[in-house]
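Everything below concerns the one structure shown next.
The values are calculated or read from the model by the stated rules, or taken from the named source; none is laboratory data. Nothing here was measured: the structure is a model prediction, and the numbers come from that model. So basically every Cβ, Gly included, is an ideal-geometry build from the backbone, and we count neighbours across all protein chains shown. The protein model used for the area step is the full one, side chains on, heavy atoms only, and it has no ligands, DNA or RNA in it. Shrake-Rupley method; radii C 1.70, N 1.55, O 1.52, S 1.80 Å.
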Amino acid sequence: MITLSDSIRNRFAGVRYIDACCGIGGFSAALEACGATCVFAADIDPKCRRMYAENFGYVPAGDLRTVRTSDVPAHDLVCCGLPCQPFSINGTQRGIQDPRGRIFRQVHRLIAAGKPTAVLLENVPRLAANNEGLTFATIRQCLRELGYDVWHEFLRASEFGCSQLRRRLYLVALRRDLGIGRFLFPEPTFEVVRLRDHLLPASETNQCVLELAGRKLWWQKQDLAEATLPPRYTPLRIALIDEGGQGKRIYHIDGPACTMCASRRDSANTGLYWVNKKVRTLAPREVARCFGLRDEFRLHHDGAIAIRQLGNS
């Protein structure tokens, strides 16, 4: 699991934040571990709201469009993982033509009313290219017009101690009147990350094993399948099933997992891995560990729902 230095904890102690589009609490898990306090959260999905409440003891509001700004307590930080499906290569790619692609309007409304010190937004990298870059440019300009200086960067979770690739776009906005003028994103820590270290015992993952009868397994690096590899920060593909499309690529467990997603196909959600001379997907708890979540973090009792919720985190 990811460890935090005392300096990080001290930096966030006392920070009051709101978690818009909170899902099951990816942002909140990180911020609470840093000592910050959530004063408001919202998500349109009732199943996510229930899991958030189980983990954080706070029932989020529902649809952001129905939230009155007067009901949102004073806060220092707004964080939001904007819905990624309108922009993701695995989603609709309809951008702002998809209603979920217009959620930023509601987040903008909260920022305009609360004028927090800082804003932190996250999404898939393709948001930056949507509509020839106009969508992301509009988001940045809207924040500037509210009086914020804005920075963004593309970061890989696997370079910061998480055992999945998960390249994401992060945007940080700081209120201009504070006179900060400069923001530096953290440098990669390049801790050793191996999916192998987060796997459950074989006796608990039999349901994850893929039946390969009648299917063709194409080895690309069979000589590496059983070998121990040095540290690496991108997944290593060693084989393909059939034509090798999405969810049919097999990876080595001495590297990070591929990016977890919220597809409705199990193998596409978690990727496939060569474990104990078998091909299998990941169990929900293994996926949670790939997000840096501790085993105490509660997951939905339905494994498929749990993995989709994690993939959206």
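Residue under question is residue 187, and the condition is that it be out of contact with any Asp or Glu (no Cβ under 6 Å at 6 or more places or on another chain), without any contact (Cβ under 8 Å) to a residue 40 or more places away in the chain and under 30 Å from residue 149 (Cβ atoms); does it hold? It would help to see each step written out before you state the result.
Values: out of contact with any Asp or Glu (no Cβ under 6 Å at 6 or more places or on another chain): yes; without any contact (Cβ under 8 Å) to a residue 40 or more places away in the chain: yes; under 30 Å from residue 149 (Cβ atoms): yes.
Here the answer is yes, as residue 187 does meet what is asked.
I need the full set of residues from region 123-162 which are open to solvent by less than 40 Å² (accessible area, probe 1.4 Å), in contact with a helix residue (DSSP H, G or I) (Cβ under 8 Å, 6 or more places away or on another chain) and modelled with pLDDT of 95 or more, in order please. Don't jump to the end; show me each part of the working.
Taking region 123-162 first, the residues open to solvent by less than 40 Å² (accessible area, probe 1.4 Å) are 123-125, 127-128, 130, 133, 135-137, 139, 142-143, 146-148, 150, 155, 157-159, 161-162.
Now drop any that are not in contact with a helix residue (DSSP H, G or I) (Cβ under 8 Å, 6 or more places away or on another chain), which leaves 127-128, 130, 135-136, 139, 142-143, 146-148, 150, 162.
Those that are open to solvent by less than 40 Å² (accessible area, probe 1.4 Å), in contact with a helix residue (DSSP H, G or I) (Cβ under 8 Å, 6 or more places away or on another chain) and modelled with pLDDT of 95 or more: 143, 146, 147, 148, 150.
Please find, among 251, 273, the residue that is crowded, with 22+ Cβ neighbours inside 10 Å and among the aromatic types (Phe, Trp, Tyr).
Answer to the selection: 273.
Filter region 124-156 for residues that are among the aliphatic types (A, V, I, L, M) and either free of Cβ contacts under 8 Å to residues at least 12 places away in the same chain or within 15 Å of residue 169 (Cα to Cα) (or both) and give the result.
Here is the first cut: in region 124-156, the ones among the aliphatic types (A, V, I, L, M) are 124, 127-129, 134, 137, 139, 143, 146, 150, 155.
Once the filter is applied, which keeps residues that are among the aliphatic types (A, V, I, L, M) and either free of Cβ contacts under 8 Å to residues at least 12 places away in the same chain or within 15 Å of residue 169 (Cα to Cα) (or both), region 124-156 yields 124, 127, 128, 129, 134, 137, 139, 150, 155.
Considering each of 284, 235 in turn, give the residue that is open to solvent by less than 50 Å² (accessible area, probe 1.4 Å), touching a Leu at 6+ places or on another chain (Cβ under 9 Å), in contact (Cβ under 8 Å) with a residue 40 or more places away in the chain and not hydrophobic (A, V, I, L, M, F, W, C).
Answer to the check: 235.
Only one of these conditions is not met by residue 223: (1) charged (D, E, K, R); (2) closer than 22 Å to residue 45 by Cβ; (3) free of Cβ contacts under 8 Å to residues at least 12 places away in the same chain. Which number is it?
It fails just one condition, (2).
Please go through region 92-122 and give me each residue that is modelled with pLDDT under 95, open to solvent by less than 30 Å² (accessible area, probe 1.4 Å) and either part of a helix (DSSP H, G or I) or of a type in the set (Gly, Ala, Ser) (or both), ordered by number.
95, 101, 104, 107 - these are the residues of region 92-122 that are modelled with pLDDT under 95, open to solvent by less than 30 Å² (accessible area, probe 1.4 Å) and either part of a helix (DSSP H, G or I) or of a type in the set (Gly, Ala, Ser) (or both).
At least 2 residues that are open to solvent by less than 50 Å² (accessible area, probe 1.4 Å) and out of contact with any Pro (no Cβ under 9 Å at 6 or more places or on another chain) in each: list the helices (runs of 4 or more DSSP H) lying fully within region 6-84 that qualify.
Per the criteria, 26-33, 46-56.
Residue check, residue 180 against (1) within 30 Å of residue 83 (Cβ to Cβ); (2) of a type in the set (Val, Ile, Thr); (3) out of contact with any strand residue (DSSP E or B) (no Cβ under 9 Å at 6 or more places or on another chain), all met but one. Which one?
Unmet condition: (3).
Which condition breaks for residue 164 when tested against (1) without any contact (Cβ under 8 Å) to a residue 24 or more places away in the chain; (2) within 23 Å of the chain's Cα centre (by Cα)?
Residue 164 satisfies every listed condition except (1).
Quick check on region 241-255. Is at least one of its residues hydrophobic (A, V, I, L, M, F, W, C), at pLDDT 90 or above and more than 23 Å from residue 193 (Cα to Cα)? If you could, list the steps in order and put the result at the bottom.
The first filter runs over region 241-255 and keeps only residues hydrophobic (A, V, I, L, M, F, W, C), leaving 241, 250, 253.
Pick out the ones that are also at pLDDT 90 or above and you get 241, 250, 253.
With more than 23 Å from residue 193 (Cα to Cα) added as a condition, the list becomes 241.
There is at least one residue in region 241-255 that is hydrophobic (A, V, I, L, M, F, W, C), at pLDDT 90 or above and more than 23 Å from residue 193 (Cα to Cα).
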